[in-house]
Amino acid sequence: MFDLDRFIERCYGALDESAPDRAAREVVAKAVDDPAAVMAALGEPERAGVHILHRSDTLTVLNLVWGPEMRLMPHNHNMWAAIGIYTGAETNTFWRRTETGLQQLGGKEMGVRDATWLGETAIHSVTNPLTRLTGALHVYGGDFFAPGRSEWDAETLEEGPYDSEKLVRLFEESNTRLEELRAAGVA
């Protein structure tokens, strides 16, 4: 059974490891290995959104629910991250900074029970390839909401400050899309 308090304790335990990002990935992997238990504890996703499960200066735990076919622009975290999918799918595209801007490096397809980690210098964009919601546990080695992060325009790849209000708008637009798909009997 997934116990959120115990999960957070284990995530804090990962902070003491020599490779906390990889240790946190193992904690997340163990949790999403039983997706039904995660959904029983957190509830089945009904709307896209960023749900804060825990937040401190050293650790943030989110239940992130991607809307149907939602795309999030390239962005960084400036801290390591561990991600695990408990329902749906997520496509990550990885980028790196170059003298001329961002360069695409490759990608990673993730499905139910998959977990991965990102180093603190990682830049990625995320897509939910499905016409239904995707739920994922995201664990960050710091305060995810602290200032100082960047995002890149999806078309021009021009860098700018991370815009939390824009993120909220993207999730709301995604929820509108979800309602349209539900009305059409697709989601």
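Looking across the range 50-63, the residues that are closer than 19 Å to G88 by Cβ and buried (at least 20 other Cβ atoms within 10 Å of the Cβ) come down to V61, L62, N63. Quick check on my filter: what residues within the range 57-81 are in contact with a Cys (Cβ under 7 Å, 6 or more places away or on another chain) and either without any contact (Cβ under 8 Å) to a residue 60 or more places away in the chain or under 19 Å from P35 (Cβ atoms) (or both)? If the condition is that a residue be in contact with a Cys (Cβ under 7 Å, 6 or more places away or on another chain) and either without any contact (Cβ under 8 Å) to a residue 60 or more places away in the chain or under 19 Å from P35 (Cβ atoms) (or both), then V61 is the only one that fits.
For the range 73-86, a residue qualifies if it is surrounded by fewer than 22 Cβ atoms within 10 Å (Cβ to Cβ) and outside any loop (DSSP other than H, G, I, E, B), and the qualifying residues are M73, P74, H75, N76. Here F144 does not fit the description of being surrounded by 15 or more Cβ atoms within 10 Å (Cβ to Cβ) and part of a helix (DSSP H, G or I). When you scan the range 118-133, do you find a residue that is small (G, A, S), part of a strand (DSSP E or B) and under 25 Å from G160 (Cβ atoms), even just one? Among the residues of the range 118-133, at least one is small (G, A, S), part of a strand (DSSP E or B) and under 25 Å from G160 (Cβ atoms), which makes the answer yes. Filtered by the rule that a residue be of a type in the set (A, V, I, L, M) and either over 13 Å from A136 (Cα atoms) or touching a helix residue (DSSP H, G or I) at 6+ places or on another chain (Cβ under 8 Å) (or both), the range 38-68 gives V38, A40, A41, L42, A48, V50, L53, L59, V61. Which ones in the range 111-147 are in contact with a Pro (Cβ under 8 Å, 6 or more places away or on another chain), charged (D, E, K, R) and more than 30 Å from A183 (Cβ to Cβ)? Of everything in the range 111-147, just one residue is in contact with a Pro (Cβ under 8 Å, 6 or more places away or on another chain), charged (D, E, K, R) and more than 30 Å from A183 (Cβ to Cβ), namely R113.
Residue-by-condition table, conditions (1) of a type in the set (F, W, Y); (2) closer than 22 Å to E165 by Cα:
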| residue | (1), (2) |
| --- | --- |
| F2 | yes, no |
| A23 | no, no |
| M39 | no, no |
| L42 | no, no |
| R47 | no, yes |
| S56 | no, yes |
| L62 | no, yes |
| M70 | no, yes |
| H75 | no, yes |
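Scanning the range 15-56 for residues that are free of Cβ contacts under 8 Å to residues at least 40 places away in the same chain and aliphatic (A, V, I, L, M), we see that the one that is farthest from L118 (Cα to Cα) is A40.
Bear in mind that the values in this text are calculations on the coordinates, not laboratory data. From a predicted model like this one, the values you see are computed outputs, not experimental measurements. We place every Cβ from the backbone using ideal geometry, glycine too, and count neighbours over all the protein chains shown.
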